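Okay, structure first, notes after.
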């Protein structure tokens, strides 16, 4: 009998939409089973965010009718294989699929890892049904060992290799020796996997608390080279792991790993800043050939995230970050943040806070100053375009925007602070330029 039956029963009782689904299932002529990760999570006493259900035939009609009744959102995952998903209003996700073999036992043997090759029938005796465990996955759960279901696990779906590393870092498991060997020998198969699927698994690995272990495994199994191509000639994998580990500790030390900190400073895409910065640091040390193409064509990152990573690869302006640590005055601070655009927030965190050039308190102060002074993302100019155009009457080839930028830089450097000072400064510069001409 399922050892965590009380947790399962409590979960179902707290989700009336599930009780409604299971009632429909038990009235149908087909066989249904809870399978995979949801059972694993019950056994490990982990939170449930998604439920996988297998059926002896096409479950689509029943699932669509139930989803409509509970105001869930139904859509296809794979119409050819009759695999679909329902998103409930409480955030729970349910995936449905027909068996991929003649029986549930054969279907479980086709799955990725033994800890996911579990099934519990949703028949009339549920939740007191017998737990099916043909590959002794429960033993592997107890031993915290990740074991592939068969020798064809990774050839059936190469993404399972990344999924395995994600399980290791999120569940605190270890690969069996044989499974790690299988991954290393099958790594090249990952080249055939769509970038969108790779991106999702990499995101989960780099968001994990044990990400450094994940990076080591990506290196040791050759998956990193398959993903990124050949490394630069000065790539030292052990030195990289040590440096990235120290970088990770620094982010924990300044609070960038906590949800509280992230909620204050925001995040990019579905990734935390910590994940983005660690991935960026790895790429910087690895130095793959043609980084923009890798980010766009291979990893299928969004354009925003591509631009961010490339900006963070640019050379550090030490003078600018030194000034950021000492500059006073709300408007001057705001102008400095504007000068660091695009991605000023991320640059200050990555280059400033994480390299001890800025304190987190100073970073937040700079952010608040920019938020107070900016309008539509810009700090208003001391002199508007019309005022500058009047002064430039004898300099027709001079760009107004160029002088506005120079005026702001003069403000940052404390050369001017008022409209009158700005006009005098500009007249002086124009007079000097005309003499030079």
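Values quoted throughout were computed directly from the atomic coordinates according to the rules given, and no laboratory measurement underlies them. It should be emphasised that the depicted structure is a prediction, and the values quoted were computed from it without experimental measurement. Every residue, glycine as well, gets a Cβ built from its backbone with ideal geometry; the counts of neighbours run over all protein chains shown.
Annotations for the structure displayed:
- When the Gaussian network model of the chain links Cα atoms closer than 10 Å, the mean-square fluctuations of 16, 158, 134 top out at 16.
- Counted by neighbouring Cβ atoms within 10 Å, the residues 138, 390 run from fewest to most as 390, 138.
- Listed values (1) 28.5, 96; (2) 26.1, 91; (3) 30.7, 108 include one computed from this model; for Rg and Dmax of the Cα atoms in Å that value carries the label (1).
- Extension gain, residue 20 to residue 375: 0.36 nm times the residue separation minus the Cα-Cα distance gives 122.7 nm.
- Taking 167, 140, 297 and counting other C-beta atoms within 10 Å, the order from fewest to most: 297, 140, 167
- Ascending count of other beta-carbon atoms within 10 Å, so fewest first, for 163, 19: 19, 163
- The relative contact order of the chain, computed from alpha carbon pairs under 8 Å that lie at least 6 residues apart in sequence, is 9 percent.
- Taking Cα atoms only, the orientation of helix 177-186 departs from the longest principal axis of the chain by about 60 degrees.
- Diffusion constant of segment 5-143 at 10 °C, which comes from Stokes-Einstein with the Kirkwood Cα-pair radius and 1.306 mPa s, µm²/s: 105 µm²/s
- Alpha-carbon centroid distance for the pair segment 73-111 / segment 274-310, whole angstrom: 33 Å
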